[in-house]
Each structure stands twice: as structure tokens, then as C-alpha cells.
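Notes for the one structure printed next.
We did not get these values from a lab; they are worked out from the coordinates using the rules stated. For clarity, every value in this text was computed on a predicted model and none was experimentally measured. Neighbour counts are summed over all protein chains in view; Cβ atoms, including those assigned to glycine, are modelled from backbone coordinates with ideal geometry.
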């Protein structure tokens with residue numbers, strides 16, 4: 001290609017100083033997505049573990065409140081074996097007390113009675129946490145309460161009869 005005499009060769013225009021190149025390179029995008037992926041890989045399991053712990057603590061708190069309701073009702077009737085879900089519900093309306101198995105958080109299974117071959121009355125409460133663990137509190141009339149946990153039944157329910165006789169504490173009073 002010949003350039004006419006006296007004419008300057010064509011040059012690419014320089015970019016305006018206020019205008020940078022538009023867009024990101026593929027490498028820059030890959031680095032950003034890699035960093036986001038690593039952060040998500042660390043944060044998501046931590047969040048899920050904290051969520052499960054919070055759900056379990058909510059069920060434990062409900063059982064403590066339910067036990068306080070049982071003790072309050074006991075002060076009125078002086079007979080643990082006479083307590084039922086209706087009596088406890090009248091004392092503590094924020095919880096739903098049920099006389100049988102429960103599947104939903106906030107529903108507390110109640111069993112009262114006497115132990116085999118002994119006149120000792122007891123109250124046993126159970127709740128299934130949103131995380132799927134069954135939590136129990138068992139209080140005989142003559143002993144301090146015992147707290148425990150276990151797996152739900154095959155149908156996903158928790159029943160206070162499973163908590164009767166829990167001996168070793170699994171969560172603090």
C-alpha cells in the first residue's frame with residue numbers, strides 16, 4: 001500500500017481519557033466467580049449448622065416452658081398423674097399440648113402417670129424440633145428433671161412415652 005506524498009498514515013484514534021474500555025475480560029469474571037464460589041462453600045454449611053442448632057434450642061426452650069407449666073399446674077392440684085394436655089394448655093397457652101405423638105414444632109406431647117411397681121408420679125414431655133430431633137424432659141415427683149434426645153419414630157413423630165425414664169441429660173436445664 002502506498003501512501004501519497006505529504007499525507008500522514010492513518011492511525012487508530014486514542015480512547016478518550018474519561019472513557020475506559022467497556023466490559024470485563026473472561027479472566028476477571030472467572031476470578032470473581034471463583035471467589036464467590038469459595039465464600040459460598042464456606043458460608044452455606046456454617047449457616048445450615050447454625051440453623052439446625054437454633055431449631056433444636058427452640059424445642060428445648062419449649063420443653064422448659066412446658067415443664068414450668070406442669071410445675072405450676074401441679075402446685076394447684078398436687079397430683080402429677082392428674083395433669084393432662086388441657087390442664088397444661090390452660091397454664092401455658094403459647095404452646096400446644098397434645099396427649100399423643102407430635103410431629104410439628106411448638107406442639108408438645110404430654111404423658112403423666114405413675115411408674116411401674118412404684119407409687120411415684122411423673123410427667124414426661126416431648127417435642128420434635130424443626131431439625132427433626134425428638135427432645136424429651138422427664139420429671140418424677142421425687143427427683144429433678146432429666147433431659148434427653150432421640151430419633152423420631154418411623155412415621156416422623158415424637159411421643160412423650162419415649163422419654164419416660166430418661167436418665168442422662170442431653171441438654172442443660
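Descriptive notes on the structure:
- The single residue among 73, 54, 59 that is part of a helix (DSSP H, G or I), surrounded by 11 or more Cβ atoms within 10 Å (Cβ to Cβ) and touching a strand residue (DSSP E or B) at 6+ places or on another chain (Cβ under 7 Å) turns out to be 59.
- Evaluation of residue 135 against the conditions (1) part of a strand (DSSP E or B); (2) out of contact with any helix residue (DSSP H, G or I) (no Cβ under 6 Å at 6 or more places or on another chain) shows that the sole unmet condition is (2).
- Filtered residue count, segment 93-117, keeping only those that are within 23 Å of residue 76 (Cα to Cα) and crowded, with 19+ Cβ neighbours inside 10 Å: 8
- Boolean, residue 132 is farther than 26 Å from residue 51 by Cα and exposed (fewer than 15 other Cβ atoms within 10 Å of the Cβ): no
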